[in-house]
1. Chain A: which residue's Cβ hugs the A-to-B rotation axis most tightly, distance rounded to whole Å?
2. Grab the other residues whose beta carbon is less than 12 angstrom from that of A:Val188, score K and R as +1, D and E as -1, and report the net.
3. Provide an ascending nm list, one decimal, of label-point separations from A:Lys38 to the equivalent residue in each further copy; define each label point as 7 Å from Cα along Cα→Cβ.
4. Only four residue types carry charge here, +1 at the Cβ of Lys and Arg and -1 at the Cβ of Asp and Glu. Report the dipole size of segment A:384-506 about the Cα centre in Debye, rounded to the nearest 20.
5. On the Cα set of chain B, report Rg and Dmax in Å, please.
6. If N is the number of residues in the protein assembly as shown, what value comes out of its Cα radius of gyration divided by 2.2 N^0.38 Å?
7. Going by average Cβ neighbours within 10 Å, how do the peptides B:447-460, B:509-522 rank, with the highest at the top?
8. Pop a pseudo-label 7 angstrom from the Cα along the beta-carbon direction at both B:Asp154 and B:Gln317 and give the gap in nm to one decimal.
Number of protein chains: 2
Amino acid sequence: MTTNPTPEEIAKAVAAEEAKRVNLPAGEAVPAFLKVAKQLLPELTERRLAPVAIVAAQPQPDHPLRFSMQTLFSGRQLEQKSWTEGDHFILDFGGHLTGYLSFRIVPTGSVADSPVRLRLTFGEVPTDVAESFHPYTGWISAAWLPDELLTIDDLPQLWRVARRHAFRYVKVEIVAASRRFGLRFEQVTAHAMSSATSEPALLPDSYPEWIRQVDLVSQNTLRDCMQTCFEDGPRRDRRLWVGDLRLQALANYATFRADSLVKRCLYLFAGLPRSDGLVNGCVYERPVPTYADTTTLDYAALYCVTLQEYVEASGDQETGRDLWPVALRQMDVILQNVDKAGVFIDTGETWCFIDWAFGLDKSAPTHALIVFALRRMLRLAESIGRGEDVQAYPRMIELMVGAARQHLFDASAGLYTSGPARQISCATQAWMVLADIPESPEVAQRAIRNAMQRNDAVKPITPYLYHYIVEAMLACGMETEALALVKSYWGAMLDIGADTFWEAFDPLDPLTSPYGDIHANSYCHAWSCSPTWLFRAKGLGRPAPV
Amino acid sequence: MTTNPTPEEIAKAVAAEEAKRVNLPAGEAVPAFLKVAKQLLPELTERRLAPVAIVAAQPQPDHPLRFSMQTLFSGRQLEQKSWTEGDHFILDFGGHLTGYLSFRIVPTGSVADSPVRLRLTFGEVPTDVAESFHPYTGWISAAWLPDELLTIDDLPQLWRVARRHAFRYVKVEIVAASRRFGLRFEQVTAHAMSSATSEPALLPDSYPEWIRQVDLVSQNTLRDCMQTCFEDGPRRDRRLWVGDLRLQALANYATFRADSLVKRCLYLFAGLPRSDGLVNGCVYERPVPTYADTTTLDYAALYCVTLQEYVEASGDQETGRDLWPVALRQMDVILQNVDKAGVFIDTGETWCFIDWAFGLDKSAPTHALIVFALRRMLRLAESIGRGEDVQAYPRMIELMVGAARQHLFDASAGLYTSGPARQISCATQAWMVLADIPESPEVAQRAIRNAMQRNDAVKPITPYLYHYIVEAMLACGMETEALALVKSYWGAMLDIGADTFWEAFDPLDPLTSPYGDIHANSYCHAWSCSPTWLFRAKGLGRPAPV
């Protein structure tokens, strides 16, 4: 059971966490790294899509998404209609995309003697266009709400909405127009943008259909997040986070193979450090690549993992060597938070993310994640011939593994605990397993199973942590349960009509929002794209040979 | 006393008038004329203005404009302030302008982690920015309301508002912004655009100060309407009307001398005729020069007058000869509406404008206006050597003058009447005098005085008709009353703080609107710019030599 705190509780908790953090200023930007990032700026490819249909949202109280979409007429028929002030219609482009909308707006019946005012609302899901955004109850900025109020002079005009949106649906409302003429919309076009250039084949027919579909929707999620960087969400945030990047990079190696985009992202982080040398949790690309003062300790460790996996997947050892000092520096800074007994201490001064689950104690999962990263650093050092730099790591790993077994393991319960209150969470078990801390696969499996079953364990709330639970299950021989978890989580999104996988999804309460208002949610989010990697690279769900 | 009908009454009356009209289709465009117009497209000059002050609107129930503006701090201090969601401020650029707004919007305190949503409201007068536009009660499109809802991504950004506005004030509201950062506005700049390139000297000190100011405000009105054509109002409508053009052209000859802009406008009308050959009452320049299906019979006659005056002012006989067939065609078509007795019959099929005064009978003033135009056609024919084309005109003038004296003059009242109900209006007297129909100046003066004084006479409602009353007064030796009328009308606008002269002004009810909502009014309108011509070209108010 996931707890559902109120927006006020969340805002208060976030503020309390933020108050503890030390927002070190930006370090010196590294022009050489930023130059490499700039050289790798990809050209985006464009798919032009006509609306498939004009639809109406039908209330469906029993449906998790509250509405179903009913076709009124085909997209081709739109050019035969004329509209006047007060009218509205909903375009359906048949699937999710990231990009722009353009149309020709033409007066009918008479010359246009005034401008026209339109409200366009871009919807990833039916609730976006079926419900009013107001009153807005979210605690993040309402400036993210995906609508536009446009005033268009001098009709007829070919109009391209300047801002990029993430959408399948567009509600067009004629807010104000002169009574002397009507309006026709011609050449309505969605310009779907992505830096993905290939289209991988579907998984073979021998896979169950649900797996083939989850795989496809994973890829669509990744594709729509692949712009000039791996964005976390094309609707909202639209920035590059380390944690999302790792999952996107993995999914990419199994599908689109835009490896140079991974490289660009690694250089962007390297080019914009914090003054203590840690990479930012996220960076902004525009208006110029910018340091974001959100540093995330677990993400800094995952930067090293992502670099190691990039070198392994691409064979690009040169980048591994070039960015090696950055990775080393992450571990140096992070290990300052490990005490003499080998236990990671979460002071709160640098944020540990792990998951959005309310009240989650981050110390034990971060402890384990550091061990996971140290092991990957050894692999990276070996592959690029820098073993001498990490000679202290094996002893640190041994110390931290021992400390976890000794101080964090509750042998009677068969669970790893976190923090002074010995909190039990799925996050802790998953990362302990991924860090190979349990003495045996049996101990590992029991820890995960116990946490997933116990009512008092803090459960995952983000697809991001769901991913790590699945990855941990695969690491300790729980293939069947891993597949069941993917089915019950990503499969459930698919069942309720997801075109892309969401930022936040609670199967028991599908329309919950971590922001206090579902209209602030993002329905195409990088960190939920990993199933395609689980299927294609990890062999999850692969049918037995006949 | 001006009657103030309700918006519903006005809308109904307009609809009834429109129902009677015959909207003939566009005639064939004349590419040769449109080519000349295109060659004359002027380059606009730009003045860059910083805000003079940040102001607050103070309610002033006794003031005709309901608010006064109080300075909060100087424009230079704006860059020291930081703003957050829910804040607003009002920029004052110190005077009216037509153009664009740009600013740099910069996050303060932290990196911008979200877009910002702003509402900008462009105000020509305090009521525009001091009051909400909603609920809007006007009967013309709310799309004209001068506000913009902007969402700006990727701060810091240098932002230029894409749409042109007419304004002195700009209210900036921070509708939505993340709580993580504040907002600073830097380099706030108004880009004032005009095709006027000179700045005439003020009238000499020997003139009364009010005349010097009315002259200046007239020029500012004209300047802000002078764009790529002589627009009627830079805030609303923004099109080229014949009636406005005549007054703008006259004011221009006395001030900016952008004669080639007059020529461009004459060619635009000539290039876009109605199928019966009449010029349109107005044309649109954008997206391409376009026929507007609003043909105005009195304006078609004034086209001839405007051409004659252009040739006289500029000496450009070549244009006079080139457009002569167009002018001839206007009179040919118009004279089809004059019966055998020499009386103009207003069938309603082609609109006669004359004035917006509610219930005004247009037949007699239009009759006189046609005579006025015929006389000017004789002058034009003479100046370009085409007398043979107008040999029938003197007899037609004689016939129409006689008919007016015989059928329209009420000798006992000393007034000209209009229509079967023998309506008395100021409009009728003014045009009779301008057409030189009265037997003597005494008859002329008495007619004007009588109409201005009688309660049952339909009074003028627009500056446009006020102009013609003043012009008529000057034509029959009523200099003192003409000056008094300018003072009581334009001077009254000046007294209540007009930076430019308005589209509609009733001294007894300054905030009345012909559109049912003062927020639909235009406060810089071409047809109110004529006092500068009255002073400078007609000698009105000229101080006696010492």
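Bear in mind these aren't lab numbers, they're just calculated from the coordinates by the rules spelled out. Note that the coordinates shown come from a computational prediction; the quantities given were computed from them, not determined experimentally. We place every Cβ from the backbone using ideal geometry, glycine too, and count neighbours over all the protein chains shown.
1. Taking Cβ atoms only, the nearest residue and its distance are A:Leu149, 2.
2. +3
3. Here the equivalent label points are 4.1 nm apart from this one.
4. On the way: 9 positive and 15 negative charges, 73 e Å.
Using only the charged Cβ atoms, the result is roughly 360 debye.
5. In order Rg, Dmax, the Cα atoms of chain B give 24.5, 83 Å.
6. Ratio of Cα Rg to 2.2 N^0.38 Å: 1.19.
7. B:509-522, B:447-460
8. Label at B:Asp154, label at B:Gln317, 6.1 nm between them.
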